[in-house]
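Each remark here refers to the structure printed beneath this line.
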Amino acid sequence: MLRAVMLRAGSALALTGLVAIAVAYALSGQARWVDFPLASLITAERLLPLVGLGLLLGQMRGGGMAVAMALFVVGAGLGIAFREVFFVLAARLPGAGAHMFLTGPIACVLIGVPLVLPRAIRPWFAFPLLAPAAAVLAIATLLGDPTLHARSYLPSALAVEAWLIVSIAFLVSGFYRPWLAIAVRIFASWLIAIGLLYGGAYVASKRTAPEPPPFPAMSGADEDEGFGPILKQLDGAGK
């Protein structure tokens with residue numbers, strides 16, 4: 001009975017969220033989806049840990065899901081509040097500053113580790129790691145802001161992420177099958193591998209800091225430079 005309720009709730013929540021996102025996109029006035037601010041969330045580096053977190057919460061037993069959600073909210077708030085501390089610590093790793101401080105790979109590993117374990121011992125690892133994982137995901141949301149700190153972006157982005165996590169958690173909780181547990185652990189192993197491989201590649205890369213765009217080539221000495229052509233046109237128009 002409870003599983004049926006969770007399945008219906010997850011389906012309704014997923015559908016409601018999709019409609020809300022579609023309406024927000026229509027009202028934004030953007031001609032292309034890529035120009036919509038929330039489109040920045042639709043990347044593998046952002047989606048994989050969110051999906052993994054939803055799968056992890058969905059397989060919690062009893063009141064474990066409620067406790068896990070509370071830890072997620074607390075962790076996200078602490079991540080936003082103490083993000084500067086995280087930046088200082090992560091900046092010690094080579095290439096971290098040039099790759100969003102490795103928030104994506106770190107989140108994949110933190111979520112993949114408890115998810116790959118058997119369900120009997122999973123909570124012992126999940127509860128201590130949920131708050132750090134949520135903090136890293138919240139920091140990744142801040143770093144991925146394409147609006148240059150518009151006030152509406154962070155609440156909207158966090159709401160979409162919470163919607164995705166809770167929808168997956170409810171659907172998984174209501175649609176539990178033995179084969180699903182195996183599929184989830186396979187996904188978790190991929191999550192860990194992706195986090196370690198990409199994180200290692202970022203650290204090993206030679207690019208250790210954001211690189212500014214190259215300066216344009218200077219024109220010849222006999223050519224007008226800078227605002228010269230424009231000033232000449234204005235001067236000619238005034239005569």
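The values are calculated or read from the model by the stated rules, or taken from the named source; none is laboratory data. Remember, it's a predicted structure, so these values are computed and weren't measured experimentally. Cβ: placed from backbone, ideal geometry, glycine included. Neighbour counts: every protein chain shown.
Of the residues in region 9-19, at least one is more than 30 Å from Trp179 (Cβ to Cβ) and either in contact with a helix residue (DSSP H, G or I) (Cβ under 9 Å, 6 or more places away or on another chain) or surrounded by fewer than 17 Cβ atoms within 10 Å (Cβ to Cβ) (or both). Selection of region 112-161 for residues being closer than 18 Å to Ala66 by Cβ and surrounded by fewer than 17 Cβ atoms within 10 Å (Cβ to Cβ) yields Arg119, Trp124, Phe127, Pro128.
Each row is one residue, and each column tells you yes or no for (1) in contact with a Gly (Cβ under 7 Å, 6 or more places away or on another chain); (2) touching a residue at least 24 places away in the same chain (Cβ under 8 Å); (3) surrounded by fewer than 18 Cβ atoms within 10 Å (Cβ to Cβ); (4) not in a helix (DSSP H, G or I).
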| position | (1), (2), (3), (4) |
| --- | --- |
| Leu7 | yes, yes, yes, no |
| Leu50 | no, yes, no, no |
| Leu89 | no, no, yes, no |
| Ala107 | no, yes, no, no |
| Leu110 | no, yes, no, no |
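Checking Ala169, Ala188, Ala159, Ala183 one by one, the residue that is in a helix (DSSP H, G or I), without any contact (Cβ under 8 Å) to a residue 40 or more places away in the chain and within 20 Å of Ile42 (Cα to Cα) is Ala159 and no other. Candidates Ala183, Ala188: the one that is under 20 Å from Pro118 (Cα atoms), surrounded by fewer than 14 Cβ atoms within 10 Å (Cβ to Cβ) and either at pLDDT 90 or above or in contact with a Gly (Cβ under 6 Å, 6 or more places away or on another chain) (or both) is Ala183. Among all residues of region 85-103, there is at least one that is modelled with pLDDT of 90 or more and out of contact with any helix residue (DSSP H, G or I) (no Cβ under 7 Å at 6 or more places or on another chain). Within the set Ala70, Ala81, the sole residue that is without any contact (Cβ under 8 Å) to a residue 24 or more places away in the chain, within 27 Å of Leu2 (Cα to Cα) and surrounded by fewer than 18 Cβ atoms within 10 Å (Cβ to Cβ) turns out to be Ala70. Only residues that are closer than 30 Å to Gln59 by Cα and either touching a Gly at 6+ places or on another chain (Cβ under 7 Å) or charged (D, E, K, R) (or both) were counted in region 10-37, giving 1. Inspect region 113-126 for any residue being touching a Pro at 6+ places or on another chain (Cβ under 8 Å), assigned to a helix (DSSP H, G or I) and of a type in the set (A, V, I, L, M, F, W, C) and give the result as yes or no. Looking through region 113-126, at least one residue is touching a Pro at 6+ places or on another chain (Cβ under 8 Å), assigned to a helix (DSSP H, G or I) and of a type in the set (A, V, I, L, M, F, W, C).
Results for (1) under 13 Å from the mean Cα position of the chain (by Cα); (2) under 23 Å from Val116 (Cα atoms); (3) not small (Gly, Ala, Ser), shown as yes or no for each residue.
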residue: Ser40; (1), (2), (3): yes, no, no
residue: Thr43; (1), (2), (3): yes, yes, yes
residue: Val51; (1), (2), (3): yes, yes, yes
residue: Leu57; (1), (2), (3): no, yes, yes
residue: Gly63; (1), (2), (3): no, yes, no
residue: Ala68; (1), (2), (3): no, yes, no
residue: Val73; (1), (2), (3): no, yes, yes
residue: Ala76; (1), (2), (3): yes, yes, no
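Close Cβ contacts (under 7 Å, 6 or more residues apart or on different chains) running from residues in region 28-47 that are free of Cβ contacts under 8 Å to residues at least 24 places away in the same chain to residues that are small (Gly, Ala, Ser) comprise Trp33/Ala39; Phe36/Ser28. Residues of region 135-172 that are under 13 Å from Ala14 (Cβ atoms) and polar (S, T, N, Q): Ser167 alone.
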